[in-house]
Amino acid sequence: MKDERQDRIVAPSEAAKEYLTFTLGDEEYGIDILKVQEIRGYDAVTRIANAPIFIKGVINMRGVIVPILDMRLKFNLGVVEYNEFTVVIILNVAERVVGIVVDGVSDVIALKRAQIRPAPEFGALMDTAYIDGLTTLDERMVIMVDIEKLITSNEMGLIENTRLEVV
Amino acid sequence: MTIDMTRFYQVFFDEAGEHLATMEDLLLELDVNTPNLETLNAIFRAAHSIKGGAGTFGFHDMAEVTHVLETLLDCLRKQELQPTVEMVDTFLRAGDVLKAQLAAHQDGREYTDTRIAEVCSQLEQLSKLAPSSERGDFYPSTPSLHTPPAHQDAATTAAVSWKIVFRADAIDFQPGADLAALRDVLAELGNVDWLSADDAELCTWRLTTTAGQEAIVETFAFVCDPACLTISVDSATTTQATVTEKNSDSGFGFFAGAPGSAQAFDEEHDGFGLFGGAPGVAQIEALHSATEDADGFGFFAGAPGSESLLDQEHRGFGLFGGAPGMTQIAAVAEQNRVENAQGYGFFEPLSTEPLAPASTAAPVVAPPTQSAAATGRDVAAKRAAHSDTSIRVSVEKVDQLINLVGELVITHAMLAESASGLDPLGHEQIFDGLSNLERNSRDLQQAVMSIRMLPISFVFNRFPRVVRDTAAKLGKQVTLKLVGEDTELDKGLIERLADPLNHLVRNSIDHGIEQPEQRRAAGKSEVGEICLRASHRGGSVVVEVRDDGAGLNREKLLAKAATQGIPLPENPTDKDVWQLIFHAGFSTAEKITDISGRGVGMDVVRRNIEAMNGRIDIDSQAGQGTRITIRLPLTLAILDGLSVRMGDEMFILPLTAIQESIQPRRDQFMTVAGKGRLARVNGEYLPLVVLREVFALNDTTHQRDEDGILVVVDTNEGRAALLVDELVAQHQVVIKSLETNYRKVEGISGATIMGDGRVALILDVDALARLNRRAE
């Protein structure tokens, strides 16, 4: 994890990386496409007792039990009804498979490092530690999220602390 | 091309491990007072095979230990000494040292510990009691005057006389070099004798060296093609075994035997025989016929007379071979020797040099050689047949298979569910197909599961030794009875069962079984008995550790609980009291020994068993003994469960935890102090666990408590009543871990996938009871 981040900094800025962008409410987010395993529709989940509210539950993905998180609940973007356009992005981060519920997937974009500008301090609403930076796409602002850091963070409660240390 | 010994290492490790295990078993079996000669012989053979292999592969530290071990064993089997308990103990310790050495070599290290020297000197001490003239040395003294002193220093390495035959004109000398220079180089390895005339076209040299054949070949490789070279053990000076450079690739034979000059035959020393691996057998024959056809070309250098070999026979024989199963050949070979009472023939494939020193040896006795070859072939065939019937597969592959079959079962259930809406009349074929699919996938599942099953004897087999050692340390007399060793259970469980069982057995000996005097005073036999019993009961495996010792002391436990401030009910039942020993830090042992008494054991045992979805129970009767029962699922991968509905959610309740289920009446629910809820079942008040409350389910169809079902479950804190909305069906479910992608959830032991493809969580009743108490 750490190495990768260092790589990113060291890597020549000309190398463009691909990002998947998705929408959450009115905002647009981008994540490293290499972390994305697949995209699927939202299915009924099995609730997990005493879990944080943004953990919707678990689903069966071809025999693998995958937890599903709702990013809107996580980012305090309000509750949105799930409809047929609700999409689950299955991520593969830190040797785990995790699904995140988003409003819709919009695009795959290639960005050079230089095109991502550092994000200003947002205040307390969202921890900027998980935000790589901001970029502009057709006059829209896209928030680049370090999804691996976010998913493995303590506040997500996805990974037990002991295991986090190992990772 | 030289032989790469390392590729045979694994074979040696496996084999030596087996021999060590055999040796230990036999030693434990050995009755010191009336020793069985067969057993002693078998132990000797095992030790000897290890020694042979260790020497062959250059693990000289192991060879040394086995050598002293063997010396003493030899005295025993020749009945020069009476076996004593002390000897058996020492043998067992030597076995441990060997195991440690073997493990170290496997990791590519060398085991260095003072234990080695200790055991060796102890063995030597013991064997000194025997008439000294009968003692053999590991490596025969080499009377050859030419042997440089340096080689005698190398006590662990046998000096071998090699005969090197090559054509002088095949040597491609560098300018300025000649045969003498070559000899000087060789002399660095050992003592070189020129057997042929200086100007002979065909040079025959004898090199006595501790270095292996490889070193010689390497030396020659500088100047000539190794193929032009014939290196053999100098047959005139050894009970021979041969290695021809040409044959070495095909695994014909590996090792030369012991050194020694012609006079060595008069001395007592170990005879070393050589057998090639299975492929070699055919070659022996081929070689045989080839040499017969080519008249005068080559001949067999035979055994030096039957008489002397028979004498040596008593000293045992060495067996070296790279192929697995060499011991079988060894056994056959030994039999052959005894039966034929004839000299043993070894091939000495010589080159065109007709007047080798070996010519003084008696002509070979061909028939026994052939019979040996034939027997060797039989053994090889048997071995081949055996290896055909089993394969080694990594556990991951099996697990993957199990997972896939699990998926298949789920897929079938999903298909069956979608088909259930169809009209059976119009879709007969679909329904037939589905029921066939179900049968087949169930069979497949069972077959795949059975791959992982191993007999429990894999764990049980270690206990004779544990019991013996522990009892000896404590001065107690204990016999061990094993029942139901064939009971099969999952490999993963077997591995995890070993530690808890080990602990329980040692506990039984330490705390359970009394000293002989006490036992006599109590009117019991002085010899205590520990019984390990395994059996299948329903869908689970029950393992019992029973002793006929003093039993648990109720008063002592209660007093200890009071001093430690462990809460207990007013009038605790025996069961409550026995459960105390599972408390962390609870020990009533007066003094801490290295066996037990630290009070860390039993809670770990229970945790281990529970981690395997098992349960542990204690039953004890003062003065009669204690019985500890461990109940385990057959496998970790599949669970028999009951699906229960609570609101909109489906849960799986392990069948092993369920005692009964009842339809409650309103008056069966009651509260204590307004919040703690109880349910009265059959006159007993049980804590009520309402899944909806524990898991904070916000279901819409809130039904009344008395419309639900009470399931009485057995938890490690006693019984509890679980309220659910509905019992749905009984299933065999494939257990999936939640932790792979998520984390551990309290009250949940895992997840499974239901017929409709949805995930259902598997309840952990023990954790539920804990959660429920905290919620109150």
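Normalised size of segment B:386-465, defined as Cα radius of gyration per 2.2 N^0.38 Å with N residues, equals 1.63. Positive contributions from Lys and Arg (+1) and negative ones from Asp and Glu (-1), summed over other residues with Cβ under 12 Å from the Cβ of B:ALA472, come out at +2. Net charge in the neighbourhood of B:THR573 (other residues with Cβ under 14 Å of its Cβ; Lys, Arg +1, Asp, Glu -1) is -4.
Distances between placed amide hydrogens fall under 5 Å for A:LEU91 paired with A:GLN37, A:VAL98, A:GLY99, A:ILE100, all partners being 5 or more residues away or on another chain. Per-residue mean of foreign Cβ neighbours for A:37-48 is 3 (Cβ atoms of other chains, 10 Å radius).
Assuming charge only on the beta carbon of Lys and Arg (+1) and of Asp and Glu (-1), the dipole of segment B:455-633 about its Cα centre is about 200 debye to the nearest 20. When you count the other C-beta atoms within 10 angstrom of each residue and take the mean per peptide, A:140-152, B:547-559 line up highest first as A:140-152, B:547-559. Based on the alpha-carbon gyration tensor of segment B:643-732 and its eigenvalue square roots a ≥ b ≥ c, which shape applies: rounded if a/c is under 1.5, prolate if not and a/b is larger than b/c, or oblate? It comes out oblate by the Cα gyration axes. Summing Lys and Arg as +1 and Asp and Glu as -1 over all other residues whose Cβ lies under 15 Å from the Cβ of B:PRO424 gives a net charge of -4. Using θ = phi - 60° in the Karplus curve 6.51 cos²θ - 1.76 cosθ + 1.60, the 3J(HN,Hα) couplings for segment B:613-624 round to 6, x, 9, 10, 10, 10, 9, 8, 10, 4, x, 9 Hz; x is entered for Gly and Pro. Highest mean packing comes first when the peptides B:565-577, B:659-671 are listed by Cβ atoms within 10 Å, giving B:659-671, B:565-577. Computed from phi, the 3J(HN,Hα) profile of segment A:106-114 under the Karplus parametrisation 6.51, -1.76, 1.60 (θ = phi - 60°) reads 9, 7, 10, 10, 9, 10, 8, 4, 5 Hz, with x in place of Gly and Pro.
Equivalent ellipsoid semi-axes for segment B:5-134, as square roots of 5 times the alpha carbon gyration tensor eigenvalues: give them largest first, rounded to whole Å.
Over the Cα atoms of segment B:5-134, the ellipsoid semi-axes are 25, 15, 13 Å.
Legend: mean number of C-beta atoms from other chains within 10 angstrom of residue C-beta atoms, peptide B:749-760, equals 4. Given R0 = 22 Å, the distance between the Cβ atoms of B:PHE458 and B:LYS99 translates into a calculated FRET efficiency of 0.85. Look at the stretch A:49-56: the mean tally of other chain Cβ atoms within 10 Å of its residues' Cβ atoms is 3.
How do the peptides A:70-82, B:389-401 rank, highest first, by the average count of neighbouring beta carbon atoms within 10 Å per residue?
On the way: A:70-82: 14.9, B:389-401: 9.9.
Highest to lowest by the protection proxy: A:70-82, B:389-401.
Pairs over the 18 Å Cα-Cα cut-off, from the set A:LYS35/A:LYS149; A:LYS74/A:LYS112; B:LYS78/B:LYS128; B:LYS473/B:LYS560; B:LYS397/B:LYS744; B:LYS99/B:LYS481: A:LYS74/A:LYS112; B:LYS473/B:LYS560; B:LYS397/B:LYS744; B:LYS99/B:LYS481.
Once you have the Kirkwood Rh of segment B:450-585 from its Cα pairs, apply Stokes-Einstein at 20 °C and 1.002 mPa s and quote D in µm²/s.
In µm²/s, the coefficient is 129.
Length available on full extension from B:PHE431 to B:ALA419: 0.36 nm per residue minus the Cα-Cα distance, which gives 3.5 nm. Coupling constants for segment B:424-431 follow from the phi torsions by the Karplus curve (6.51 cos²θ - 1.76 cosθ + 1.60, θ = phi - 60°), and in residue order they are x, 5, x, 10, 3, 4, 4, 5 Hz; glycine and proline get x.
Since every read-out is calculated from the coordinates, none of them should be taken as a lab result. Small disclaimer: the values here were computed from a predicted structure and weren't measured. Glycine gets a Cβ as well: all are built from the backbone with ideal geometry, and neighbour counts include every protein chain shown.
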